[in-house]
Amino acid sequence: MVKFIFRIMMCISLLAMTTACSKDEEAPVVYQEVNYATMNGTWMLTEFNGAPLQEGQYVYITFNRKEHTFEMYENMGSMYSHKSTGSFEIEEDEDLGYILTGEYDYSLKEYIVSEMTDETMKWTVKDNAEDVSVYTRCAEIPEDILNGSRSLK
């Protein structure tokens, strides 16, 4: 009788372990509303037009939700870092969704923010559907970029 109970307990344990190890269903992606609070903080460009950035390239942007301003450090067109500052606005368009408008370096850019989670957001240039950028939230802009000591290798 003891052996019988022991075997049943072993079978139950095996069944429990097998069930616990089964693949969990992937949690659905939860998209957020695009607003000043969800944009606030520092973001890093991780994908441009469907491809990761080339080694050494970067774009970091920090949004200030209270003042509707931003600071951006990038080296996409140069081996040296370029700092831009400006202001931004967010509006919701009935047909396009959320539009991010940034004014910097005497120019105005408009992006459609089509996807936004806690960790990533996807921008498409309003007038060019092929110009797509994916940004990932990060803690801060690296110090070597802020002080201008990072350059392409």
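What the table below lists for this structure:
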| read-out | value |
| --- | --- |
| Every residue from the range 76-133 that is in contact with a His (Cβ under 8 Å, 6 or more places away or on another chain) and open to solvent by 40 Å² or more (accessible area, probe 1.4 Å) | SER87, GLU89 |
| Condition check for ILE90: of a type in the set (Val, Ile, Thr) and touching a helix residue (DSSP H, G or I) at 6+ places or on another chain (Cβ under 9 Å) | yes |
| Any hit, the range 140-152, residues being in a strand (DSSP E or B), out of contact with any Gly (no Cβ under 6 Å at 6 or more places or on another chain), closer than 16 Å to TRP43 by Cβ and among the acidic types (Asp, Glu) | no |
| Matching residues in the range 58-79 - criterion: being at pLDDT below 95 and polar (S, T, N, Q) | ASN75, SER78 |
| Boolean, VAL132 is at pLDDT 95 or above and either under 19 Å from ASN64 (Cβ atoms) or under 13 Å from the mean Cα position of the chain (by Cα) (or both) | yes |
| Residue within the range 120-129 that is modelled with pLDDT under 95, in a strand (DSSP E or B) and over 21 Å from the mean Cα position of the chain (by Cα) present | no |
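Results for (1) more than 20 Å from ILE99 (Cβ to Cβ); (2) modelled with pLDDT under 95, shown as yes or no for each residue.
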{"site": "LEU14", "(1), (2)": "yes, yes"}
{"site": "CYS21", "(1), (2)": "yes, yes"}
{"site": "GLN32", "(1), (2)": "no, yes"}
{"site": "TRP43", "(1), (2)": "no, no"}
{"site": "GLY56", "(1), (2)": "yes, yes"}
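The values are calculated or read from the model by the stated rules, or taken from the named source; none is laboratory data. Just so it is clear, the structure is predicted and the values come from calculations on it, not from any experiment. Glycine gets a Cβ as well: all are built from the backbone with ideal geometry, and neighbour counts include every protein chain shown. When the accessible area is computed, the model is the full protein with side chains, heavy atoms only, and any ligands, DNA or RNA have been set aside. Shrake-Rupley method; radii C 1.70, N 1.55, O 1.52, S 1.80 Å.
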